[in-house]
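In what follows, a structure is listed as structure tokens, so that the remarks can point back to it.
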Amino acid sequence: RKMFSESELKRDCALLDISIDAGIIQYDPTPAAYGLLLLREAGASQQQFWRYVESIYSAAFREQHPVDSANKVVELLASLGIASSGYEDMSGKLKDMQAELLEAGIFDSPTLVYEGERYLGRQHLPLLSWIMKGRSGPPPV
């Protein structure tokens, strides 16, 4: 299990073009999650979501300065033209969303739900692609 974990870390870091040290950084992602909830509530565009996620990712794994505080999230949201009023209310909303997900059997990341079926982990992406493309040809193994 340890060998698999280490090889996955190396593979992921190579794919993401980050160092192994950057790949093992640990920080509390809760403030960043609050920002995602605020983006959703504000009706943000897909581009604003992508810019937010890219900024969070770059700060944590490329610059090694994670967006791990309310001030940093509020500043990032402002740069995207998103008001941060209500940030302090996100704790309860995040807990409610996590409870809903747990109740639906979604407890790991990534979890994909398609046609009512849950697929835990990115290893299911080839299978989901095959299903979405009409199940033609042999299924991926």
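Here, each number is a calculation from the coordinates, and none is a lab measurement. Because the structure is predicted, anything quoted here is derived from the model rather than measured. Here the Cβ positions follow ideal geometry from the backbone for every residue, glycine too, while neighbour counts run over all protein chains shown.
At a glance:
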{"read-out": "Span from the the range 78-141 Cα centroid across to the the range 1-44 one, whole angstrom", "value": "15"}
{"read-out": "³J(HN,Hα) computed for each position of the range 20-29 - Karplus, 6.51 cos²θ - 1.76 cosθ + 1.60, integer Hz, glycine/proline x", "value": "4, 4, 5, x, 9, 4, 10, 7, 7, x"}
{"read-out": "Relative contact order of the chain, defined on C-alpha pairs under 8 angstrom at six or more residues apart (%)", "value": "18"}
{"read-out": "Inter-label distance for ASP28 and GLU75, nm, one decimal - labels placed 7 Å from Cα along Cα-to-Cβ", "value": "1.8"}
{"read-out": "Cβ-Cβ FRET estimate between SER109 and VAL141, R0 fixed at 30 Å, reported to 0.05", "value": "0.80"}
{"read-out": "Lysines with Cα under 29 Å of LYS95, excluding same-chain neighbours fewer than 8 positions away", "value": "LYS72"}
{"read-out": "Gain on full stretching of the segment that runs from ALA99 to GLN46 - 0.36 nm per residue minus C-alpha separation", "value": "16.5 nm"}
{"read-out": "Partners for LYS2 among lysines (Cα-Cα distance below 16 Å; same-chain residues under 8 apart left out)", "value": "LYS10"}
{"read-out": "Spatial extent of the range 1-126: Rg and Dmax, with the Cα atoms as the point set, Å", "value": "16.2, 45"}
{"read-out": "Karplus 3J(HN,Hα) series, Hz, for the range 88-97 with 6.51 cos²θ - 1.76 cosθ + 1.60 (x for Gly, Pro)", "value": "5, 8, 6, 4, x, 5, 5, 4, 4, 5"}
{"read-out": "MRE, 222 nm, helices only [DSSP H, n ≥ 4, -39500 (n - 2.57), over the chain, to nearest 500]", "value": "-16000 deg cm²/dmol"}
{"read-out": "GNM result for the chain, Cα springs below 10 Å: residue of ILE20, ILE56, ILE82 fluctuating most strongly", "value": "ILE20"}
